[in-house]
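First comes the structure, then the notes that go with it.
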Amino acid sequence: MFACTVSDVRDFMEKLFLKEVFDGFQLVEAVIVTSNTFMIDGHIHREYYTEEEWEELTEKSISRWASVRPICFQMIKGKKTPESMKLIFKMAESAVEKLLGKSGLPFQSSDVEGLFFNVRYDNKKLTLTSGVSMRMFTMDKSLEQFWEQRLEGFLKQAEIVCEH
């Protein structure tokens, strides 16, 4: 499991809430504690949409961060920082399929429940962790290692400095 502490919290929060750095990921869950505790379940409710609206949606299971980011930003903006925050992100299934195709690993996208990373802000400290959920039992940790490397590369490309 990949775990690190983000060195520049302000810069990370700016990239998270004001820029498109994480917009390609899906938001599984968010818990933001300010004056109240706000919880968001990122799973999309089919019943909410008309047939036309449903057909136009690109994501049909979990919302992209891009669509939920403005709502979360409204919860935290102001002069005070949140008391705490927990965000669970997931790589979109189409991206997992592409990633596996390039990896040379012995897994199919149907074997993978999700490639996740968690953002946790508490006591003015921001930590990131990764995780892999499989739909099958395996002792093979190659996908987990591959995901950790890809996530580290993503953070480096986004100029997010982490201390392990």
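The values are calculated or read from the model by the stated rules, or taken from the named source; none is laboratory data. Computed from a prediction, not measured in an experiment: that's the story for all the values here. Neighbour counts are summed over all protein chains in view; Cβ atoms, including those assigned to glycine, are modelled from backbone coordinates with ideal geometry. These area figures cover heavy atoms from the full protein model, side chains too; ligands, DNA and RNA do not enter into them. Shrake-Rupley method; radii C 1.70, N 1.55, O 1.52, S 1.80 Å.
Descriptive notes on the structure:
- When cysteine pairs in the chain are screened for C-beta atoms closer than 4.7 angstrom, the residues that find no partner are C72.
- Global form of the chain, assessed from the alpha-carbon gyration tensor, a/c cut-off 1.5: oblate
- Listed values for the stretch 65-80 are Karplus-derived 3J(HN,Hα) couplings in whole Hz (6.51 cos²θ - 1.76 cosθ + 1.60, θ = phi - 60°), namely 4, 3, 7, 9, 3, x, 5, 5, 4, 4, 6, 10, 5, x, 7, 9, and x replaces Gly and Pro.
- Split the chain at each of the trypsin sites (Lys or Arg not before Pro) in a DSSP loop with at most 16 other beta carbon atoms within 10 Å, and the longest piece is 81-123.
- GluC sites (Glu not before Pro) within the stretch 7-36, DSSP loop, no more than 16 other Cβ atoms inside 10 Å: E20
- Modelled this way, with points 7 Å down the Cα-to-C-beta line, the labels at S103 and K79 are 4.8 nm from one another.
- For the chain, with +1 on Lys and Arg beta carbons and -1 on Asp and Glu, the positive-most of L105, F2, V161 along the dipole: V161
- Unit charges at the beta carbon, dipole of the chain: most positive-side option, Q145, G78, V28: G78
- Accessible carbon and sulfur surface of the chain relative to its total accessible area, %, 1.4 Å: 50
- With protein chains left intact and a 1.4 Å probe, residues in the stretch 72-142 average 59 Å² of accessible area per residue.
- Each Cα pair under 8 Å and six or more residues apart adds its sequence gap; the mean of these over the residue count of the chain is a relative contact order of 31 percent.
- Alpha-carbon centroid distance for the pair the stretch 1-59 / the stretch 123-149, whole angstrom: 19
- Inter-label distance, E52 to A3: 5.1 nm, where each label sits 7 Å from its Cα along the C-beta direction.
- Computed extension length for R120-E14: 36.6 nm, one decimal, from 0.36 nm per residue of separation with the Cα-Cα distance subtracted.
- Fluctuation leader among A30, A95, A66 - the chain, Gaussian network, Cα springs under 10 angstrom: A95
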